[in-house]
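Enquirer: To start, I am sharing the structure in question, which I have written as structure tokens.
The values are calculated or read from the model by the stated rules, or taken from the named source; none is laboratory data. This structure is a prediction, so every number in the text was calculated from the model and none was measured. No Cβ is skipped: glycine too gets one built from the backbone with ideal geometry, and neighbour counts run over all protein chains shown. These area figures cover heavy atoms from the full protein model, side chains too; ligands, DNA and RNA do not enter into them. Shrake-Rupley method; radii C 1.70, N 1.55, O 1.52, S 1.80 Å.
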Amino acid sequence: MRLDHAIAAVPGIPRDTGGPVFREPWEAQAFAMTLALHERGLFSWGEWTAVLGEEIKRAQSMGDPDTGETYYRHWLAALERIVAEKGVTNAATLTRYREAWDHAADRTPHGTPIVLQPEDFVA
């Protein structure tokens, strides 16, 4: 099973006896995207853990207290980095989508799912 393999291959995944634990839906989505990209052969688990470890160390060197609450922020940073390094996207596109997401979040009422619209991609 791919989930079991990921849990065994990537140390530090927040989990309980039932498997990974996510505080927010985006964390589960980032996790699922990583599994899907690994299954498609974009990177090995060894590559993934190296990039994730580097992102965690970078954050710690900048003052992250490493309490576990920011684990999936590092996961997302690693995911963005590895897809850019592998040529799936580039930093400019990632920035464009991050800004569009922020714009969409600003216009979305609390408790409502955020959906990107063309107008979120402001010039």
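Enquirer: Could you grab me the full set of residues in the stretch 87-117 that are farther than 30 Å from Gly41 by Cβ and aliphatic (A, V, I, L, M)?
Expert: Ala104, Ala105, Ile114, Val115
Enquirer: Same structure again: In the stretch 55-64, what count of residues is obtained for those that are open to solvent by 90 Å² or more (accessible area, probe 1.4 Å) and of a type outside the set (Lys, Arg)?
Expert: Result for the stretch 55-64: 2.
Enquirer: Criterion first (under 22 Å from Ile114 (Cβ atoms), surrounded by 12 or more Cβ atoms within 10 Å (Cβ to Cβ) and free of Cβ contacts under 8 Å to residues at least 60 places away in the same chain) does Leu35 satisfy it?
Expert: Answer is no for this residue.
Enquirer: So which residues in the stretch 65-80 are touching a helix residue (DSSP H, G or I) at 6+ places or on another chain (Cβ under 6 Å) and surrounded by 15 or more Cβ atoms within 10 Å (Cβ to Cβ), if there are any at all?
Expert: Tyr72, His74, Trp75, Leu76, Ala77, Ala78, Leu79, Glu80
Enquirer: Let me ask something additional. Could you tell me whether Phe43 is free of Cβ contacts under 8 Å to residues at least 60 places away in the same chain, among the aromatic types (Phe, Trp, Tyr), farther than 14 Å from Gly12 by Cα and touching a Phe, Trp or Tyr at 6+ places or on another chain (Cβ under 9 Å)?
Expert: Considered against the rule, which asks whether it is free of Cβ contacts under 8 Å to residues at least 60 places away in the same chain, among the aromatic types (Phe, Trp, Tyr), farther than 14 Å from Gly12 by Cα and touching a Phe, Trp or Tyr at 6+ places or on another chain (Cβ under 9 Å), Phe43 comes out as no.
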